[in-house]
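S.K.: Dropping a structure here in structure tokens format, bear with me for questions.
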Number of protein chains: 2
Amino acid sequence: MSLDGFVAGPAQSLEHPLGIGGEALHEWAFATRAFRESHGDDGGELGIDDDHAASWSRNVGATIMGRNMFGPVRGGWGDETWNGWWGDDPPYHTPVFVLTHHPRASVEMDGGTTFHFVADGIESALDRALAAAGEQDVMIAGGASTAQQYLRAGLVDEMEIHVVPALLGRGERLFDDLGDASAGFECIELVSSPAVAHYRYVRRTAS
Amino acid sequence: MSLDGFVAGPAQSLEHPLGIGGEALHEWAFATRAFRESHGDDGGELGIDDDHAASWSRNVGATIMGRNMFGPVRGGWGDETWNGWWGDDPPYHTPVFVLTHHPRASVEMDGGTTFHFVADGIESALDRALAAAGEQDVMIAGGASTAQQYLRAGLVDEMEIHVVPALLGRGERLFDDLGDASAGFECIELVSSPAVAHYRYVRRTAS
């Protein structure tokens, strides 16, 4: 997230998957070993930022994402040739449940990623993801609208927010229209590198 | 600022000067030696947070604040008995220029703070503050609306943003309606304690 609250820049498109200026949100991650490893690359830096990038795959058994994170296609799927931004071997390496209003057959990719398209709502997607994950966690990867829907429904147990110093000015806000939905979280960790501060939250259990 | 972008909670009032839940934004500062010293108290913690709280008074020769930061009185000043939230010896110890639509005579407090009421606009307030500050800096103390007005006018040279893990859900957003006004800043420092992350920016000079 940018310091001014955006998790993607404005005008997302095939040319600008993260919106204009959105790459600045992820530069800290590109440098880490965990990120590079998940994308099939060697090398990368260790340290605080790597520890947090690693949490995106550590004990994750299934992933949920919104339609707009999966791709720039809007409306129906057309000829169904769009299989995500990530090439043949996406960095998820789990079943990925894509929220959509348009049903589509599942697509098995290389490296353990299979895209399933869920057209009957966020609870259904979560149920299927939990079943697929078994003992492991389900990660809600984004984007902003998907995260907000799960937060408003009270279905998020943990949050990790990585705040970079970028100031985008406009784009997709993460913490918007949430009202009291964010009130139940407690910060259990705040650490930073010169590039990013990592905030980790857990839902408070009823006392 | 809360992680969700608010610099005050909702429903600011005499009872809740920082808005409901707004105290959570300042708890890290209350613990520091610099904050306690500016309020005439002994003791307090040293370290990263103290270093950043100290920057509010280091080399500051004049202060600007909005009317709503000065007090809960709206409209005319009535019997002019309201002299701020801070008692006889406010923590500013400089001339303080209060933006208002309602002229009022200056009020000299103890400890070097004098409140001046400026009814002819933000540029006028800045001119007077710069003259009063001499070789020292002018601090724009807040609140959100005042900061936004100076940012939109391109009159801010440096920013320090202290982001706490609190999630207020609603209140006064700092980075709102700014568009490109925040684009010219470069982060020159990001450090954190377990309680707060400090982001420091300077305006990029034209190259």
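S.K.: Interface B/A, total buried accessible area with a 1.4 Å probe, nearest 100 Å²?
M.R.: Adding both sides of the contact gives about 2200 Å².
S.K.: Please work out, to two decimal places, the log10 of the ratio I(q)/I(0) at q = 0.19, 0.30, 0.32 Å⁻¹ from a Debye calculation in which every Cα of the stretch B:67-118 carries one identical scatterer.
M.R.: Scattering profile of the stretch B:67-118, log10 relative to I(0): -0.57, -1.41, -1.54.
S.K.: Could I ask something else about it? Calculate the dipole size of the protein assembly as shown relative to its Cα centre from +1 charges on Lys and Arg beta carbons and -1 charges on Asp and Glu beta carbons; express the result in debye to the nearest 20.
M.R.: Value, rounded to 20: 900 debye.
S.K.: Of all the accessible heavy-atom surface of the protein assembly as shown, with the other protein chains kept in place and a 1.4 Å probe, what percent is carbon and sulfur?
M.R.: 48 percent
S.K.: Add +1 for every Lys or Arg and -1 for every Asp or Glu among the other residues with Cβ under 12 Å from the Cβ of B:Gly169, and state the total.
M.R.: -1
S.K.: Can you tell me the accessible area per residue over the protein assembly as shown, all protein chains present, probe 1.4 angstrom, in square angstrom?
M.R.: Normalised by residue count, the accessible surface of the protein assembly as shown is 48 Å².
S.K.: Right, another one. Modelled label-to-label distance, A:Glu158 and B:Ala119, 7 Å Cα→beta-carbon offset: nm?
M.R.: That separation, rounded to one decimal, is 5.8 nm.
S.K.: Something else: For the stretch A:189-205, just list the computed ³J(HN,Hα) in residue order, Karplus coefficients 6.51, -1.76 and 1.60, θ = phi - 60°, integers in Hz, with x standing in for Gly and Pro.
M.R.: These are the phi-based 3J(HN,Hα) values: 7, 9, 9, 8, 10, x, 9, 6, 10, 10, 10, 10, 10, 10, 5, 5, 7 Hz.
S.K.: May I ask you to list the GluC sites (Glu not before Pro) in the stretch B:123-189 that are in a DSSP loop and have at most 10 other Cβ atoms within 10 Å of their Cβ?
M.R.: The qualifying sites are B:Glu135.
S.K.: Give me the net charge of B:Asp49's neighbourhood, meaning all other residues with Cβ under 14 Å from the Cβ of B:Asp49; Lys, Arg count +1, Asp, Glu -1.
M.R.: -4
S.K.: Can you list, shortest first and in nm, the gaps between the label point of B:Gly76 and those of its counterparts in the other copies, using a point 7 Å from Cα in the C-beta direction?
M.R.: 6.8
S.K.: Charges on Cβ only, +1 for Lys and Arg, -1 for Asp and Glu, centred on the Cα centroid of chain A; of A:Leu99, A:Ala166, A:Thr113, which one is farthest towards the dipole's positive end?
M.R.: Farthest along the dipole direction, towards plus: A:Leu99.
S.K.: Then there is this: Nearest 5 is fine: what % of DSSP beta bridges in the protein assembly as shown come out antiparallel, could you say?
M.R.: 50 percent
S.K.: Give, ordered by residue number, each residue of the stretch A:180-196 whose 1.4 Å probe accessible area is reduced by a minimum of 50 Å² on adding the remaining protein chains to the chain alone.
M.R.: Residues passing the criterion (a loss of at least 50 Å², heavy atoms only) are A:Leu190.
S.K.: Counting DSSP beta bridges in chain A, what percent are antiparallel, to the nearest 5?
M.R.: Expressed as a percentage, antiparallel bridges in chain A total about 50.
S.K.: Sticking with this structure for a sec: Using helices alone, I'd like the mean residue ellipticity at 222 nm for chain B: each DSSP H run of four-plus residues gives -39500 (n - 2.57), total over residue count, nearest 500.
M.R.: Computed mean residue ellipticity for chain B: -5000 deg cm²/dmol.
The values are calculated or read from the model by the stated rules, or taken from the named source; none is laboratory data. Just so it is clear, the model here is predicted, and its values are computed rather than measured. Heads up, the Cβs are rebuilt from the backbone with ideal geometry, glycines too, and the neighbour counts pull from every protein chain shown. Ligands, DNA and RNA are excluded from the accessible area calculation, which covers all protein heavy atoms including side chains. Shrake-Rupley method; radii C 1.70, N 1.55, O 1.52, S 1.80 Å.
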